[in-house]
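Undergrad: Right, I'll just put the structure down here and ask away after.
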Amino acid sequence: MKNFQRHRRLRKTPQIRRLVEETSLAGARLIWPCFVVEGRGVREPIEAMPGQFRFSIDELVREVKAVSTEKVAGLLLFGVPSSKDPFAKGATAKDSLVARAVVAVKEASPNLLVTTDVCLCAYTDHGHCGVINAKGEIQNDASLEILAAMSLAHAEAGADCIAPSDMLDGRVLAIRRAFDANGFAETPIMSYAAKFASAFYGPFRDAAHSAPSFGDRKSYQMNPANVREAMREIAADLSEGADIVMVKPALPYLDVIAEARRRFDAPLAAYQVSGEYSMLKAAARNGWLNEAAAVGESLTAIRRAGADIILSYFAHQPKS
Ligand code: PBG
């Protein structure tokens, strides 16, 4: 009989296992997505995302001081405004909720990278990611101006990077042009390039009060069945001026991450979304999974597939 291979030789001790480890979570490659609301002293638990909160700016400032800069590169800020209207007016003001949060967080923790999410869904009364006409259809090109104005307000407040998540066509170009024309040529754009119309965003929509009041997001977010189309989206965003491209969700889309890694040289991010967080949390809370081990394994899998950067609620779990 031919000799078989002894794979277990390199698995014998923690030292030898570490020696041959191919993928590591070391280095600050994590971004913590968090939610900011109006008011003072607000620290509101998000029911569908145990361990995560909506913070008023003062509480967020207190919280970011507890974020480990060893482990976490920065934050992704989501505004949850107290008033909404058809045109997302609250999104573009120079002193918008998110703009004020950016100023406060940068002042409190200058070493944390502050990225802001740019999208209209939390600001429109209908909950869609762009403005709509009387028939309820998304007005792609009219929405671009608003997205660009929103991005500019965040950049002026001092955001280190902005992240458009609306999935409308041409928004990266519109934002890049607005930045170039207004003195922010050096502000990077991390585009949600391949963002799928996913059921795994459910808990987030509870957190951000951003569920659409009619219809769904399938006319702008991608069909989960498509990987080649995801590559076209990424190529388009890079050609429009995106600096970092993202695949979202992460764990159910490892093949998309791997294919994007193979095809593109740009830094690649993956978003472990709310539903991925809540599933792991729920199982752990029931004693069905070891949380630390399962989280570590899922983050390692996302890195192994090829993501350089991971956006994950597990990046920071505030003490309640
Ligand atoms: C806004 C936005 C969403 C998420 C990030 N930005 C929700 C959506 O598209 O419905 C999802 C994040 C998550 O589930 O954690 N468009």
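Bear in mind that the values in this text are calculations on the coordinates, not laboratory data. Please read all numbers here as calculations on a predicted model, not as lab measurements. Here Cβ is always computed from backbone atoms with ideal geometry, including for glycine, and neighbour counts include all displayed protein chains.
Undergrad: Expressed as a rounded percentage, what relative contact order does region 1-128 have, with Cα pairs under 8 Å and six or more residues apart? Provide the component values of the computation, followed by the final result.
TA: Values: 182 pairs, mean separation 31.2, N = 128.
Averaging sequence separation for qualifying contacts and normalising by length gives 24 percent for region 1-128.
Undergrad: Hey, got a sec? Which trypsin sites (Lys or Arg not before Pro) in region 16-117 land in a DSSP loop and have at most 13 other Cβ atoms within 10 Å? Don't skip to the answer; put the middle values down first.
TA: Working: sites: 17, 18, 29, 40, 43, 54, 62, 65, 71, 84, 89, 94, 100, 106; in loops: 29, 40, 65, 71, 84, 94.
Passing both the DSSP loop test and the Cβ count: 40, 65, 94.
Undergrad: Looking at the chain as a GNM with Cα springs under 10 Å, which of 280, 289, 268 has the largest mean-square fluctuation?
TA: 289
Undergrad: To make sure I understand the rule: partners must be lysines, Cα under 29 Å from the Cα of residue 12, and not fewer than 8 residues away in the same chain. Which ones qualify?
TA: Correct list for residue 12: 2, 71.
Undergrad: Okay, moving on. Within the chain, what's the longest run with no GluC sites (Glu not before Pro) in a DSSP loop and at most 11 other beta-carbon atoms within 10 Å? Give the range, please. Please report the intermediate quantities before stating the final value.
TA: On the way: sites that count: 21, 22, 47, 70, 186.
In short, 187-320.
Undergrad: So, counting K/R as plus one and D/E as minus one, what does the shell of residues with Cβ under 14 Å around residue 232 add up to? Don't skip to the answer; put the middle values down first.
TA: Working: positive: 195, 228, 263; negative: 169, 229, 233, 237, 240, 259.
Result for the neighbourhood of residue 232: -3.
Undergrad: Right, next: Quick check: convex hull over the Cα atoms of region 121-212, volume per residue in Å³, rounded to an integer?
TA: On the way: hull volume 9.8 nm³, N = 92.
So the per-residue hull volume is 107 Å³.
Undergrad: So what is the 222 nm mean residue ellipticity for the chain from helices alone, if each DSSP H run of at least 4 adds -39500 (n - 2.57) and you divide by all residues, rounding to the nearest 500 deg cm²/dmol? Walk me through the numbers on the way to the answer.
TA: On the way: 11 runs with 116 residues, N = 320.
Only helices count here, giving -11000 deg cm²/dmol.
Undergrad: Need the list of aspartates and glutamates near residue 94 for cross-linking: C-alpha distance under 12 angstrom, and skip anything on the same chain fewer than eight residues off.
TA: Leaving aside aspartates and glutamates fewer than 8 places away in the same chain, those within reach of residue 94 are 156.
Undergrad: Still on this structure, I have one more. Among residues other than residue 181 whose Cβ falls under 14 Å from its Cβ, what is the net charge (Lys/Arg +1, Asp/Glu -1)?
TA: Values: positive: 176, 177; negative: 145, 156, 180, 186.
Value of the local net charge: -2.
Undergrad: Right, something else. Counting only chymotrypsin sites (Phe, Trp or Tyr not before Pro) that sit in a DSSP loop (anything but H, G, I, E, B) with at most 14 other Cβ atoms within 10 Å, what is the longest stretch of the chain containing none of them?
TA: Numbers: sites that count: 4, 214, 288.
Looking at the chain, 5-213 is the longest stretch - no exposed chymotrypsin sites (Phe, Trp or Tyr not before Pro) with at most 14 other Cβ atoms within 10 Å.
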